[in-house]
1. Name the single residue that is nearest to the chain's Cα centre (by Cα) among those in region 69-110 being within 27 Å of TRP32 (Cα to Cα) and of a type in the set (Ser, Thr, Tyr).
2. Give just the number: which of (1) outside any loop (DSSP other than H, G, I, E, B); (2) free of Cβ contacts under 8 Å to residues at least 60 places away in the same chain does SER133 not satisfy?
3. So which of THR241, THR274 is of a type outside the set (Asp, Glu), out of contact with any Ser or Thr (no Cβ under 7 Å at 6 or more places or on another chain) and either without any contact (Cβ under 8 Å) to a residue 12 or more places away in the chain or farther than 26 Å from ARG108 by Cα (or both)?
4. Tally time: how many residues in region 100-112 are in a loop (DSSP other than H, G, I, E, B) and either at pLDDT below 95 or within 11 Å of LEU4 (Cβ to Cβ) (or both)?
5. So, in region 68-109, how many residues would count as being at positive phi and acidic (Asp, Glu)?
6. Checking the condition free of Cβ contacts under 8 Å to residues at least 40 places away in the same chain and under 30 Å from ALA275 (Cβ atoms), which residue from VAL60, VAL77 passes?
7. Out of the helices (runs of 4 or more DSSP H) lying entirely within region 14-99, which hold 3 or more residues that are more than 23 Å from LEU155 (Cα to Cα)?
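The values are calculated or read from the model by the stated rules, or taken from the named source; none is laboratory data. Everything numeric in this text was worked out from a predicted model, so none of it was measured. Every residue, glycine as well, gets a Cβ built from its backbone with ideal geometry; the counts of neighbours run over all protein chains shown.
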Amino acid sequence: MSNLAAVSDLHVSYQENREIVESIQPETPEDWLLVAGDVGERMPDVEWALGLLRDRFAKVVWVPGNHELWTIPDDPVQLRGVERYEALVEMCRGLDVVTPEDPYPTWRGQGGPVTVVPLFLGYDYTWRPEGTSNKTESLAYAHSTGVVCTDEYMLHPDPYPTREDWCRARVAETERRLKECDQSVPMVFVNHYPLVRDPTHILRYPEFAQWCGTNLTADWHVHYPTAAMVYGHLHIPRATTYDGVPFTEVSLGYPREWRPRKNPPQLPRRILPTA
């Protein structure tokens, strides 16, 4: 019996996280693994981790997080924006890892079949702090509190003028593809960010939500036949339900975050079949 399992936010630049990644194993040789972004910042680190996981799992599906899209000074690959994303896709194809640019695969284990839909959508600053009405105001508020995502300095949208322009283009193209899917087969959405804003309401710093998703996907989990929604980014692993659809945050996070928890990280997390 195969399982559909998931992880995210492995952040393998930290040695402790690399050791956890080295310990990740499937329950059965037929298991699939969904990787919901933020494997690392440097292209060689991303390739190492995905290659290791692909050697162990029957199929690996990857979506980019914001960290993979950063262009940092010590990365041997200095591509920016769309060119960087395209290079990541080609790297994954060389590893036999499924990306958002590939045909959506069908998982046929217990609880299936389901169409696995890897997404790359980004964010558009519509999840703004209370009291702000536009991006300029929301960013100004974030700077006043000192809570500013590193994306503002490292994640470049080239050739798009802004990150929100890139997001809107990605959403439009993804909606076109989703309309072509067989709507009689349930979908498992995999995205670095949640499709709805609700999971961000527990953030310690609510102003960070503006870097966590877009209102453009708020109804996708009810508009499309959704069996589950898998995401990361928030570093708050938990399971919630919205409109009857299970949402699961599957992140590992930074060592300073997972180390104080009572139980060590148990990865990967099973999505299907449900207990």
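1. THR99
2. (1)
3. On the way: THR274 fails: either without any contact (Cβ under 8 Å) to a residue 12 or more places away in the chain or farther than 26 Å from ARG108 by Cα (or both).
Criteria check complete, one pass: THR241.
4. Matching residues across region 100-112 total 6.
5. Pass one, region 68-109, residues at positive phi: 81, 96.
Next, from what is left, pick out any that are acidic (Asp, Glu): 96.
Counting residues in region 68-109 that are at positive phi and acidic (Asp, Glu) gives 1.
6. VAL60
7. Helices (runs of 4 or more DSSP H) meeting the threshold: 15-23, 43-56.
Quick grid of which residues meet (1) charged (D, E, K, R); (2) over 27 Å from PHE57 (Cβ atoms):
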position: ASP74; (1), (2): yes, yes
position: ARG84; (1), (2): yes, no
position: ASP102; (1), (2): yes, no
position: VAL114; (1), (2): no, no
